[in-house]
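Have a look at the structure below, then the notes.
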Amino acid sequence: MNKTLTGLLLASFSTLAAAADAPSPLAGKTLHGIMQNDYEPIAFVDEQGHNSGYFYELVAVAARKLNATLEVKNGTFDTFIPGLQSQRFDVALGTDATVPRQQVVDVVPLIAAGYSFITRASGPVTLADSLDALCGHSVAALAGQSTIDALNAQASRCQQQGKPALRVAIFPSRSAAWLAVKSGQAELTPVYTGEAGWITKKDPDWRVTGPVFDSGQSGFAVSKTSGHAQAWAGAINALIADGTYLQILSRYGVQSVALKESQVNPAR
């Protein structure tokens, strides 16, 4: 290995070590989080009534790395950012990194993933690998989810191309969106690529179809005014380095969405 590269690596390791040794700005604090708890396997309540899911576990363990305690309440996606801005919450679990969001909150990524669709396994809908295949279909989307912009843009393209309309209906919770599909009110609903396999394995009445779209990174958000995003990212990177991160993802069978490093506000 040449001397220049060796020097760069040593400098990098020194920086990481210094960050790890830095005192936590959150030490001794009880942090109030919000998550939508019907988003299995990302964030949900298990059979014993405990918060669970790989996003929840990662953030809870990261909080302990920062010598803090995490308490999480249930809420809907469309309340996440207002809740952070009003300081009702310190952490919002399950936030996609997008440029508009990064202008108002800091996003600390946990995974790299995109979205696809699920539909009733017994239903007639099978989409080609293109968003254009959505023309003439109906989608139940989740309020506050980043997919809404992509779906609305595709609805406009369907209209401009003179194709049958794409109908997008917004629901407050994932369970409501799923019920809309299962009851025939809608044909499709978006799901993370990091959850699709879990969903169809647990409930064979679902089937994955269509393209992967809106790919990017997702994790949790904190208020910009808190100044704590880098500390959180440091804690996540410590979990990556010591193997805890991959162990948690592996328990849920979603290793494929793992990051090599968590960098604050990754969307460009």
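Here are the numbers:
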quantity: Count of the stretch 32-43 residues which are modelled with pLDDT of 95 or more and either in the same structural domain as S173 (by TED's automatic domain parsing) or surrounded by fewer than 20 Cβ atoms within 10 Å (Cβ to Cβ) (or both); calculated: 1
quantity: Matching residues in the stretch 212-257 - criterion: being assigned to a strand (DSSP E or B) and crowded, with 17+ Cβ neighbours inside 10 Å; calculated: F213, D214, G216, Q217, S218, G219, F220, A221, V222, S223
quantity: Verdict on G94 being on the phi > 0 side of the Ramachandran plot and assigned to a loop (DSSP other than H, G, I, E, B); calculated: no
quantity: Residue check for A169: over 24 Å from V105 (Cβ atoms), free of Cβ contacts under 8 Å to residues at least 60 places away in the same chain, in the same structural domain as L151 (by TED's automatic domain parsing) and buried (at least 16 other Cβ atoms within 10 Å of the Cβ); calculated: no
quantity: Residues of the stretch 44-60 classified as crowded, with 18+ Cβ neighbours inside 10 Å and not small (G, A, S), total; calculated: 8
quantity: Leading residue by the ranking (surrounded by the most Cβ atoms within 10 Å (Cβ to Cβ)) among those in the stretch 177-208 that are small (G, A, S) and closer than 14 Å to S116 by Cβ; calculated: G194
quantity: Qualifying residue in the stretch 69-90 (condition: assigned to a helix (DSSP H, G or I) and closer than 15 Å to Q217 by Cα); calculated: no
quantity: Criterion: at pLDDT below 95 and out of contact with any Leu (no Cβ under 7 Å at 6 or more places or on another chain) - qualifying residue of S130, S122, S116, S146; calculated: S146
quantity: Test for A180: is it assigned to a helix (DSSP H, G or I) and under 18 Å from the mean Cα position of the chain (by Cα); calculated: no
quantity: Selection from the stretch 86-104 of residues that are surrounded by fewer than 23 Cβ atoms within 10 Å (Cβ to Cβ) and aliphatic (A, V, I, L, M); calculated: V99, V104
quantity: Residue in the stretch 108-125 that is free of Cβ contacts under 8 Å to residues at least 60 places away in the same chain, closer than 23 Å to K182 by Cα and either touching a Ser or Thr at 6+ places or on another chain (Cβ under 6 Å) or not hydroxyl-bearing (S, T, Y) (or both) present; calculated: yes
quantity: The stretch 145-177, residues that are in contact with an Asp or Glu (Cβ under 8 Å, 6 or more places away or on another chain), within 15 Å of D132 (Cβ to Cβ) and in a helix (DSSP H, G or I); calculated: A150, Q154, R157, C158
quantity: Residue list for the stretch 129-166, restricted to those being within 20 Å of T79 (Cα to Cα) and loosely packed, with under 15 Cβ neighbours inside 10 Å; calculated: D149
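The values are calculated or read from the model by the stated rules, or taken from the named source; none is laboratory data. Just so it is clear, the structure is predicted and the values come from calculations on it, not from any experiment. Neighbour counts run over all protein chains shown; Cβ positions are idealised from the backbone, glycine included.
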